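Below you'll find the structure, written out as structure tokens, and then a few comments.
The values are calculated or read from the model by the stated rules, or taken from the named source; none is laboratory data. The model shown is predicted, which means the values in this text are computed figures rather than measured ones. All Cβ positions, glycine included, derive from the backbone under ideal geometry; neighbour counts span all protein chains shown.
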Amino acid sequence: MTIPTEAIGSIPRPSSLQAALAEHAQGRLNEAELTKLQEEATIETLTRLEELGCPVLVDGEQSKPSFVTYPLAGLTTLDPDGAVIPFADGHIRQLPRLTAGPFRYRVHADGYLRNALRHTGRPVKQAVIAPSALSLLYPAEPIDGYPRDAFLRDLADEAEADIRGCLEAGAHRVQLDFTEGRLSLKLDPSQGVLDDFIALNNEVLGRFTEEERARIGVHTCPGGDQDSTHSLDVDYAELLPKLFQLKAGNFYVQLAGEPDPERVLSIIAGQLRPGIRVFVGVTDPIDPVVETPEQVRDRVLLAARHIPVDQLGTCDDCGFSPFADDTSTSRDLAFAKIDARVRGTALASQALGL
């Protein structure tokens, strides 16, 4: 037995792909040429992860426009002036706004997964966006002829199909990205929005069997974009008890970037229930310093004092480049941190006699 370790999802795109994305946006590169470069980047990503000895691979989201908006590519019933997500350094990300129904995904994540599985025999994990994040597409003023309740029913059906398609395609695990959970407490300290998010996500997760939920996980972090966060100043103690109400078998919790990780671990320990696994973050993607394997080992050993080893795993705090245009972290730096995570987790397993 060894402690399992997994990436969260995104890895910075090669500089050639970054340049191609800019050219495509300006109409100077056609779709076929862009797709070819994305395919090459996906293959290189999988190959490098294999070479690092990663037990579970990801495609690095080389073909996704972003971790949140991939289902919307080509959807025509959107305006650009949707919900704004402010980051601590002053930059923002803005979601689109839905203008008409019915709401349907134009892209499902199993397509990315099936493509990755063509290039490796290793287990592959697939990240999907949580329905709670996409619920922010619906505007404050009701859409004529398409009330919010109808939108949420459609959204739940689409999110279920997104997850189920990945399970059926052979995903080792399907991870719901739930970064908006912590952010919701900043926007609404009464926790009403968070309660709505939890209820919507559980509506979807409740449609799966216990065996299926053992392959489903939820990731939480305070955002990680352009070396900044949107909600690191929100106390984890406000989020974690509600997070662990989600009907998932795995939880991926940002921890390396926390100022007091042992306090967070003690909160997690109080929320543990049988049958779940908690993957704790042991590398910080927005920190330019590469962790050593020994630092990772020590972080794992600290976590093992609070979480039983048969319920413990490790991960990166968040994706390294969740938006395709984020160049704040280099590709080589991301792989160096992943290498430290894999090697450090192995050292911890040895120290624990596993």
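For first residues located in region 36-54 and among the hydroxyl-bearing types (Ser, Thr, Tyr), partners that are in a helix (DSSP H, G or I) and lie 6+ apart or on another chain with Cβ distances below 8 Å form the pairs 42/115; 42/116. Of all residues in region 12-35, none are of a type in the set (Lys, Arg), farther than 30 Å from residue 142 by Cβ, assigned to a helix (DSSP H, G or I) and over 19 Å from the mean Cα position of the chain (by Cα).
Per the listing 171, 214, the residue uniquely at pLDDT 95 or above, buried (at least 24 other Cβ atoms within 10 Å of the Cβ), under 27 Å from residue 282 (Cα atoms) and of a type in the set (Gly, Ala, Ser) is 171. Of the helices (runs of 4 or more DSSP H) that lie entirely inside region 238-354, those containing 3 or more residues that are in contact (Cβ under 8 Å) with a residue 12 or more places away in the chain and basic (Lys, Arg) span 331-351. Restrict the check to region 141-156 and report whether at least one residue is touching a helix residue (DSSP H, G or I) at 6+ places or on another chain (Cβ under 9 Å) and under 30 Å from residue 263 (Cβ atoms). Looking for residues that are touching a helix residue (DSSP H, G or I) at 6+ places or on another chain (Cβ under 9 Å) and under 30 Å from residue 263 (Cβ atoms), one finds none in region 141-156, hence no.
When region 174-201 is filtered for residues that are surrounded by fewer than 16 Cβ atoms within 10 Å (Cβ to Cβ) and either over 20 Å from residue 88 (Cβ atoms) or of a type in the set (Gly, Ala, Ser) (or both), the ones remaining, listed by number, are 190, 191, 192, 195, 196, 199. Of everything in region 275-295 that is in contact with a Lys or Arg (Cβ under 8 Å, 6 or more places away or on another chain) and surrounded by 24 or more Cβ atoms within 10 Å (Cβ to Cβ), the residue that is farthest from residue 331 (Cα to Cα) is 280. Of all residues in region 193-220, exactly one satisfies the criterion of being touching an Asp or Glu at 6+ places or on another chain (Cβ under 6 Å) and in a loop (DSSP other than H, G, I, E, B), namely 207.
Among the numbered conditions (1) buried (at least 17 other Cβ atoms within 10 Å of the Cβ); (2) under 21 Å from residue 175 (Cα atoms), the only one that residue 258 does not meet is (2).
Counting the residues of region 27-65 that are at positive phi and surrounded by fewer than 22 Cβ atoms within 10 Å (Cβ to Cβ) gives 2. Of all residues in region 91-108, those satisfying the criterion of being more than 20 Å from the chain's Cα centre (by Cα) and of a type in the set (Lys, Arg) are 97, 104. In this structure, is residue 75 free of Cβ contacts under 8 Å to residues at least 40 places away in the same chain, surrounded by 14 or more Cβ atoms within 10 Å (Cβ to Cβ) and in contact with a Phe, Trp or Tyr (Cβ under 9 Å, 6 or more places away or on another chain)? Yes: the conditions hold for residue 75.
If you go through region 53-80 and keep only what is closer than 15 Å to residue 11 by Cβ and either more than 21 Å from the chain's Cα centre (by Cα) or of a type in the set (Asp, Glu) (or both), you end up with 59, 61.
The C-beta contact set for region 152-166 (first residue without any contact (Cβ under 8 Å) to a residue 60 or more places away in the chain and farther than 15 Å from residue 206 by Cβ, second residue buried (at least 18 other Cβ atoms within 10 Å of the Cβ) and among the β-branched types (Val, Ile, Thr), distance under 8 angstrom, 6+ apart or interchain) comprises 166/128; 166/174. Taken together, the residues in region 267-290 that are under 26 Å from residue 227 (Cβ atoms) and of a type in the set (S, T, N, Q) amount to 1.
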